[in-house]
1. Explain nothing, just compute: Karplus ³J(HN,Hα) = 6.51 cos²θ - 1.76 cosθ + 1.60, θ = phi - 60°, for every residue of region 39-55 in order, whole Hz, x for Gly and Pro.
2. Run through region 80-124 and list the GluC sites (Glu not before Pro) located in a DSSP loop whose Cβ has at most 10 other Cβ atoms within 10 Å.
3. May I ask which of Lys230/Lys267; Lys12/Lys131; Lys77/Lys123; Lys2/Lys123; Lys223/Lys264; Lys11/Lys123 have a Cα-Cα span longer than 22 Å here?
4. Starting from 0.36 nm per residue, how many nanometres of slack lie between Ser99 and Lys2 once their C-alpha separation is accounted for?
5. Accessible area per residue, 1.4 Å probe, Å², for the chain: what's the number?
6. Extending each Cα 7 Å along its Cβ direction at Gln18 and Asn134, get the distance between those two points in nm, one decimal.
7. Give the accessible area for Leu271 in Å² (nearest 10); use a 1.4 Å probe, count only protein heavy atoms, and leave out ligands, DNA and RNA.
8. Whole-Hz ³J(HN,Hα) for each residue in region 164-178, computed from phi via Karplus 6.51 cos²θ - 1.76 cosθ + 1.60 with θ = phi - 60°, x for glycine and proline: what do you get?
Amino acid sequence: MKVIETIAEMKKVRRELQGDFGFVPTMGYLHDGHLDLARRAKAENPIVVASIFVNPTQFGPKEDLAGYPRDIPHDLKMLESVKTDFVFIPSAAEMYPPSYNTWVIVEKVTERLEGATRPGHFKGVATVVAKLFNIVQPTRSYFGQKDAQQVVVIKKMVADLNMNLEVVVCPTVREEDGLAMSSRNTYLKPDERKAAAVLYQSLKLAERLYTEGERNAETIRRKMRELIQKQPLANIDYISIADNETLEELNIVKPPALVSLVVKIGKPRLLDNIVLT
Ligand code: AMP
């Protein structure tokens, strides 16, 4: 496994190697969810590139960019264990020199859910992913369903800008109690960690109601809200049942519908979703 720190070297490697590249963009502090993407990439491509870049432009002014967890030696060991070929770790100065002035803005689907709470977030995400795609030129790029809106935004950008790659979406990897794995889970204190299981419980409740025939989206949202409110450490940010492509809120549940929620448990904002099909 080779570590690459400059854009020039990453482009040189791409120029010199023939064949399909699988690409796994990450912000590091890797867990089994990230590794699943790398494993799938390795199964489907002869060469796999992962990137580790805590992208400053997707953090708002009040969000803790400096405090985002980092552990590059541990990340490298994990990526090596699944036979990743190259790890691209550019600096912020390399990605955004002082003269930097170009942004990718995906309209509409970025205005709801996370986009409404975190203005500018998806402008940063779309821009950095477009830059990484141009540098790595992957055949396939792997993303987690865990960040459902991110998947919608990236797919839209790839389609609208006619980018020449396939977006592969991988299922959310969960802890035993159903909590979606996330680098941010490390911020949870032990009692908060236990309480965090309520997110997945509420999603399973939505799925059960839907399977039993409930189609009124507000009834499902209300029952999810009532379940979460029984957990004293949980503070609901939003609960949404939306069209899985436009992200428009639904009155009547029509598959595929994205049930997503953000709940604060202590400090961390925990995000999760399922798709009703
Ligand atoms: P991040 O490092 O948080 O930016 O995540 C990098 C990639 O890993 C994104 O495509 C995420 O959606 C994906 N990812 C993060 N957590 C999980 C998980 N629990 N299961 C599957 N994919 C995940």
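The values are calculated or read from the model by the stated rules, or taken from the named source; none is laboratory data. Nothing here was measured: the structure is a model prediction, and the numbers come from that model. Glycine also receives a Cβ, built like all others from the backbone with ideal geometry; neighbour counts cover every protein chain displayed. We work out accessible area using only protein heavy atoms, side chains counted, and drop any ligands, DNA or RNA first. Shrake-Rupley method; radii C 1.70, N 1.55, O 1.52, S 1.80 Å.
1. 4, 4, 4, 5, 5, 10, 9, x, 10, 10, 10, 10, 10, 10, 8, 7, 6
2. Filter output for region 80-124: Glu107.
3. On the way: Lys230/Lys267 18 Å; Lys12/Lys131 16 Å; Lys77/Lys123 31 Å; Lys2/Lys123 30 Å; Lys223/Lys264 18 Å; Lys11/Lys123 24 Å.
Too far apart for the 22 Å limit: Lys77/Lys123; Lys2/Lys123; Lys11/Lys123.
4. Answer, rounded to one decimal: 32.0 nm.
5. Working: 13670 Å² over 277 residues.
Per residue, the chain has 49 Å² of solvent-accessible surface.
6. 2.8 nm
7. Leu271 has an accessible surface of roughly 50 Å² with all protein chains in place.
8. In residue order, the calculated couplings are 9, 7, 9, 9, 10, 9, 10, x, 5, 8, 10, 6, 4, 7, x Hz.
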